[in-house]
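See below for the structure under consideration.
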Amino acid sequence: MQRVHYPDQGAASGFDSSLRGPYHARAMANLLRDRRPAAEWASVAQVIEIEEKIGSFKGLAEVVAADLAALDPDKLPSDWREMIVSGELRFDFLDAERHVPAVTGSATAEVSAVCQRCLEPFQLTLAVDARLLLLEEQQTVDGYDGFEVWELEGNTLRPQDLLEELLIMALPFSAMHDNMAVCKALSTKNDGADELTRPFAALRARMEQKHNGPDE
Ligand SMILES: [Zn+2]
């Protein structure tokens, strides 16, 4: 059994139906983990609504766990694996001949992370956009600006793998409170502030030099 959602039903109706009960949620989870040929996902214009726990993305959860390992055990957020990844993936062919399958969509997730400035846990919002051509190894196509290439395994795709890789790539190299007011390192006046801000000041100076300079 599969549930096929066509794009013209609209995102709003899909969202409403996701609230109806566990059957729908289970069906969606199965689709995310199904491995099928990319052409098959595209030929039914499959739409997959995502409502998954961080813990179900093993690779992502490993990266988050490694980051959180720096915390004192009493500061570790107990429920970080239960946080939800939500969004939507839409499959279709981009060409009339139906040779170029692609996936578009977006997802957001709240991920627990350790602020590298103050070493306190905080919630990091990840937001990813997918605009991917689904191509086999060695396959190339021209004329799809704005799309990146996702290399299929053979000709198949497991949507969860793709989503997980996008989320992992969206993790910052160095996670930090973006709200200065709540970051303990910055709220303690000038203590060590010079040292902490210097790398950014240096980077900003380099960028300004580049932008203002007559040439490179
Ligand atoms: Zn902080």
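Backbone geometry of segment 148-163 corresponds, through the Karplus equation with coefficients 6.51, -1.76 and 1.60 at θ = phi - 60°, to 3J(HN,Hα) couplings of 9, 9, 10, 7, 6, 8, x, 10, 10, 9, 10, x, 4, 4, 5, 4 Hz, x marking Gly and Pro. Volume per residue for segment 7-178 equals 134 cubic angstrom (convex hull of Cα atoms).
Available extension along the chain between D72 and E165 is 30.7 nm, counting 0.36 nm per residue and deducting the alpha carbon span. Ranking of K53, K58, K75 by neighbouring Cβ atoms within 10 Å, starting from the fewest: K58, K75, K53.
Taking other C-beta atoms within 10 angstrom as a stand-in for reagent exposure, H99, H177 fall in the order H99, H177, fewest first.
Scoring 109-116, 34-41, 133-140 by mean Cβ neighbours within 10 Å over their residues and listing the highest first yields 109-116, 34-41, 133-140. If the segment from R158 to T108 were pulled out straight at 0.36 nm per residue, it would be longer than the present Cα-Cα gap by 16.1 nm.
Stretching E151 away from D79 to a fully extended chain increases their span by 22.5 nm, per 0.36 nm per residue minus the current alpha-carbon distance.
Every read-out reported here was derived from the displayed coordinates using simple, explicitly stated rules and does not represent laboratory data. If you're wondering where the values come from, they're calculated on a predicted model, not measured in any experiment. Neighbour counts are summed over all protein chains in view; Cβ atoms, including those assigned to glycine, are modelled from backbone coordinates with ideal geometry.
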